[in-house]
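Single-structure report; data block below.
The values are calculated or read from the model by the stated rules, or taken from the named source; none is laboratory data. Remember, it's a predicted structure, so these values are computed and weren't measured experimentally. Cβ atoms come from the backbone with ideal geometry, glycine included; neighbour counts cover every protein chain shown. Surface accessibility is based on the protein's heavy atoms, side chains included, excluding ligands, DNA and RNA. Shrake-Rupley method; radii C 1.70, N 1.55, O 1.52, S 1.80 Å.
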Amino acid sequence: MFTKFKKSLILVFIVVLSMGLFSACNNKEEKTTEEIKVEEKQEVVKQEEEKEEPKKEEKEEETEKAEPEKEEKDELIMCMGTRPPGEFDPKKRWGLYSQSQILHSALLKKTPTLEMVGDYAKSYEISDDGLTWTFELNDGFKFSNGEDVTAEDVKFTYEMLKEDGINWDLSFIKEIEIPEANKMIFHLSEPRSTFVAQLSEIVILPKDHYDDDYSENPIGSGPYKLVQWDKDQQAIFEVNPYYHGKEPHFKKFTLLFLDENAALAAAKNKTVDLIYTLPEFADEKIDGFKLFSYESNDVRGVSLPNQKSGYGETEDGYPVGNDITSDLAIRKALYIGLNREEMVNTVLNGHGKKAYSLVDKMPWWNEETEIEDNKIDEAKALLDEAGWVEGTDGIREKDGKKATFDLYYPSADVVRTNTAVVVAEQAKNLGIDIQLIGSNWDEIRTKMHSNAVLFAGGRHHPHQFYAMHDINGAGISYDNIVYYHNPVVQEYMEQAMHSTSQDEANELWKKAQWDGETGASGLGDAPYVWLIRLDHIHLGDARINVGNQPIHTHGHEWSLLANIGEWTWDADAKAE
C-alpha cells in the first residue's frame with residue numbers, strides 16, 4: 001500500500017513538474033515572440049530609413065542643380081574697337097578720350113558728376129587773377145616700374161607737350177616752378193578757364209623713360225600696366241603692383257581688337273565678356289548678357305569748309321576752301337532741312353538723340369540752338385532767295401556751278417558711313433547733290449580743309465568748342481578744319497577762355513554760339529551741321545558692375561573703361 005501511495009505521489013510530482021516546465025516553456029516562447037516583434041519593427045524602420053536615404057541624396061543633388069556654385073571672376077576679355085586711340089602716348093592724343101585713369105595718373109581727375117578733384121595733386125589753389133596755379137602733391141605715387149612719381153615728371157610732361165604743340169595747346173604756360181619736392185607752381189601768361197579740364201586729361205609721364213618708342217612700353221602710375229600689345233590684335237593689362245589706390249577687383253583684362261561684327265560673334269560664342277557694339281546690334285539677345293547703354297555728348301555731323309576755293313593752303317600744303325560749302329545758304333539749308341529724328345531711328349536704331357551743337361546739354365550749351373528741323377519748304381525758300389535755282393535734274397545751280405560737293409567719311413566706321421548715306425539721300429530733297437567718298441583718315445587729313453567730312457566731337461569741357469572755331473588754330477591737327485572765322489565769336493571765346501569765373505565763362509560760351517544776331521551755331525554761321533548724339537552701346541556679362549558712369553564723351557570705344565579700376569563682379573546679378 002505504501003508502495004502504491006509512493007508511486008501515486010511520484011506521478012503527481014511529475015505531472016506538477018511537467019506543468020511547471022510546460023508553463024515555463026510557454027512563458028519563454030511568448031517573450032521570444034515579443035522580442036521578435038520588436039526586432040521586426042526595428043528592421044522595418046531600418047529598411048524605411050535606407051529607402052529614405054537615396055531620396056535625401058537625390059534631394060541634395062537636385063538642390064545642387066537648382067543652386068549652382070556662384071562663379072567668381074577677376075579677369076575679363078573685351079572688345080572695344082579695332083585700335084587703342086592715342087596708343088598710350090599723350091603726344092598722340094592719349095587722354096583725350098577718357099583714358100587718363102587706366103594706365104596713368106593726372107594732376108586732377110573727374111568724378112562721375114564731372115567735379116574736378118585731386119589725383120596726384122592733393123589740393124590746388126588759383127590766384128584771383130587766374131595767372132598762378134599752385135599744387136600740393138601727394139606722397140606714395142609710383143610708376144609701374146617701382147620708381148617714384150615726382151614733380152619733375154609732371155614738369156617734363158607739360159613742357160614736352162607744350163613744345164610739341166600739336167594735340168595740346170599749352171602755349172599759355174609761361175613757367176613751371178618746383179619750390180619744394182611736393183609743391184608745384186604753374187605761372188600762366190594769361191588766364192585760361194579750360195586749363196582745369198586739361199589737368200585731368202594730360203597723363204603724367206616718367207621723365208627718365210619717355211622717348212619716341214614710349215607706346216611700345218608705356219610706364220604709368222595708374223591702376224593697370226600694359227604687359228603685352230600685339231598691334232591690330234590685342235592688348236593685355238594687369239594690375240600695377242605699385243598702384244597707390246585701392247587694388248582693382250579685376251586683376252587682368254584683355255582687349256581684342258575686332259570689328260563690330262567679329263566682336264558680336266565672339267560674344268555669342270562666349271569667348272569674350274563684354275563688347276562695344278553698333279546700335280543695330282543693341283537688341284541682340286545673348287544668354288547671360290545685358291545691354292550697357294549710356295548717354296553721351298558724342299556727336300556726329302558734317303564739317304563744311306567756310307572759305308572759297310583758292311583761299312590758300314595749310315602749312316602741310318593741303319588745299320583750303322570749297323565754292324559750294326562756303327555759301328552760307330547751303331550750310332543753313334542743310335541745318336534746318338535735314339531730318340535728325342529719322343537719323344536717330346535708322347542710323348542709331350533709336351539709341352541716341354538729335355544733336356544741334358558740339359556741346360549739347362553741357363553747362364555751357366545755348367539752348368536756343370535746339371531748333372525744329374526737317375523744314376524742307378523753308379530750306380528750299382532760303383536757297384531760292386540766295387539764287388540757287390533748281391535745274392531739270394533736280395539739282396540746284398548758281399552762277400554756273402551746281403550745288404554738288406564731296407562728303408568724305410571713314411569707311412571703317414559703320415555709324416559714320418550710315419549717317420553719310422542718309423545725309424546724302426535727304427539732301428536730294430533740297431536740290432543739293434552730295435557725292436559720298438569712303439576713305440581712311442590718312443587721306444581724309446589731306447582733304448578735310450577743302451571738302452565736307454562726316455565729323456565727330458564732344459568733350460567734358462568747352463575747350464574743343466574753342467579749338468574748332470578759333471581762327472588761330474585753323475589747319476592744326478583736327479582744330480578748326482573748316483577755317484571758320486567770325487570776329488564777334490572770336491572775341492566771346494577769348495573772353496571766355498580768359499575768364500576767372502566759370503559761371504561768367506559759361507555765359508560767354510553761350511553767346512559765342514548765338515547772341516541773338518550771330519554765332520557759331522546753326523542759327524548763325526553754321527560752320528558745322530551737327531546731327532545726332534550717340535548713346536554708347538555695349539553688350540556684356542550681366543554680372544559685371546561698371547560702377548558710376550558719367551555722361552560719356554567722344555571716343556565711344558573707350559569711355560566705358562575710364563573707371564575700370566573701380567569695376568566689380570556681382571555673382572548674383574542676372575540678365576534682364
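Being among the acidic types (Asp, Glu) and without any contact (Cβ under 8 Å) to a residue 12 or more places away in the chain is the requirement here; does Glu313 meet it?
Values: among the acidic types (Asp, Glu): yes; without any contact (Cβ under 8 Å) to a residue 12 or more places away in the chain: yes.
Considered against the rule, which asks whether it is among the acidic types (Asp, Glu) and without any contact (Cβ under 8 Å) to a residue 12 or more places away in the chain, Glu313 comes out as yes.
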Qualifying residue in the stretch 525-547 (condition: of a type outside the set (Val, Ile, Thr), crowded, with 19+ Cβ neighbours inside 10 Å and more than 29 Å from the chain's Cα centre (by Cα)): yes
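Here is a yes/no grid of residues against (1) at pLDDT below 95; (2) more than 29 Å from Lys142 (Cα to Cα); (3) among the polar types (S, T, N, Q):
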position: Lys183; (1), (2), (3): no, no, no
position: Glu190; (1), (2), (3): no, yes, no
position: Asp208; (1), (2), (3): no, no, no
position: Gln228; (1), (2), (3): no, no, yes
position: Asp232; (1), (2), (3): yes, yes, no
position: His244; (1), (2), (3): no, no, no
position: Phe253; (1), (2), (3): no, no, no
position: Ala267; (1), (2), (3): no, yes, no
So which of Asp479, Asp535 ends up being in contact with a helix residue (DSSP H, G or I) (Cβ under 8 Å, 6 or more places away or on another chain), in a loop (DSSP other than H, G, I, E, B) and not aromatic (Phe, Trp, Tyr)? Asp479
For Ile219, state whether it is outside any loop (DSSP other than H, G, I, E, B) and among the aliphatic types (A, V, I, L, M). no
Residues in the stretch 284-310 that are free of Cβ contacts under 8 Å to residues at least 12 places away in the same chain and charged (D, E, K, R) total 1
Residues in the stretch 487-499 that are in a loop (DSSP other than H, G, I, E, B) and open to solvent by less than 20 Å² (accessible area, probe 1.4 Å): how many? 1
What are the pairs, 6+ residues apart or on separate chains, where a residue within the stretch 175-186 that is more than 9 Å from Ala151 (Cβ to Cβ) and in contact (Cβ under 8 Å) with a residue 24 or more places away in the chain has its Cβ under 7 Å from a residue that is open to solvent by 50 Å² or more (accessible area, probe 1.4 Å) and of a type outside the set (A, V, I, L, M)? Ile185/Glu177; Ile185/Pro179
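Kindly indicate whether Val320 is of a type outside the set (Gly, Ala, Ser), touching a residue at least 12 places away in the same chain (Cβ under 8 Å) and surrounded by 23 or more Cβ atoms within 10 Å (Cβ to Cβ).
Judged against the criteria, Val320 is not a match.
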The stretch 338-361 residues that are under 18 Å from Ile551 (Cα atoms) and in contact (Cβ under 8 Å) with a residue 60 or more places away in the chain, paired with ones that are assigned to a loop (DSSP other than H, G, I, E, B) and aromatic (Phe, Trp, Tyr) (beta carbon under 8 Å, 6 or more apart): Ser357/Trp365; Val359/Trp365
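What do you reckon, is Leu430 more than 27 Å from the chain's Cα centre (by Cα) and open to solvent by 10 Å² or more (accessible area, probe 1.4 Å)?
Details: more than 27 Å from the chain's Cα centre (by Cα): yes; open to solvent by 10 Å² or more (accessible area, probe 1.4 Å): no.
For Leu430, the condition - more than 27 Å from the chain's Cα centre (by Cα) and open to solvent by 10 Å² or more (accessible area, probe 1.4 Å) - is not met.
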Looking for something in contact with a His (Cβ under 7 Å, 6 or more places away or on another chain) and at positive phi - is there at least one such residue anywhere in the stretch 128-150? yes
So which residues in the stretch 220-248 are open to solvent by less than 70 Å² (accessible area, probe 1.4 Å), of a type in the set (S, T, N, Q) and over 9 Å from Ser144 (Cβ atoms)? Gln234
Could you tell me which residue of the stretch 68-100 is most open to solvent (accessible area, probe 1.4 Å), considering only residues that are outside any loop (DSSP other than H, G, I, E, B) and touching a strand residue (DSSP E or B) at 6+ places or on another chain (Cβ under 6 Å)? Glu75
Just checking, how many residues over the stretch 501-514 are open to solvent by 20 Å² or more (accessible area, probe 1.4 Å) and under 22 Å from Ser303 (Cα atoms)? 3
Mind telling me which of the residues Glu425, Glu397 ends up being open to solvent by 10 Å² or more (accessible area, probe 1.4 Å), at negative phi, over 38 Å from the mean Cα position of the chain (by Cα) and modelled with pLDDT of 95 or more? Glu397
When you go through (1) surrounded by fewer than 19 Cβ atoms within 10 Å (Cβ to Cβ); (2) part of a helix (DSSP H, G or I); (3) in contact with a Leu (Cβ under 9 Å, 6 or more places away or on another chain); (4) aliphatic (A, V, I, L, M) one by one for Leu436, which number turns out not to apply? (2)
In the stretch 249-326, which strands (runs of 3 or more DSSP E) lie fully inside it and hold 1 or more residues that are under 30 Å from Val482 (Cβ atoms) and hydrophobic (A, V, I, L, M, F, W, C)? 289-303
Meets criteria (more than 29 Å from the chain's Cα centre (by Cα) and farther than 26 Å from Pro279 by Cβ) for Gln495: yes
Can you spot a residue in the stretch 322-345 that is within 30 Å of Cys79 (Cα to Cα) and of a type in the set (Phe, Trp, Tyr)? no
Out of Asp406, Asp360, Asp373, Asp384, report the one residue that is open to solvent by less than 80 Å² (accessible area, probe 1.4 Å) and not in a loop (DSSP other than H, G, I, E, B). Asp406
Of residues in the stretch 337-355 being farther than 14 Å from Pro279 by Cβ, out of contact with any strand residue (DSSP E or B) (no Cβ under 6 Å at 6 or more places or on another chain) and assigned to a loop (DSSP other than H, G, I, E, B), the one most open to solvent (accessible area, probe 1.4 Å): Asn339
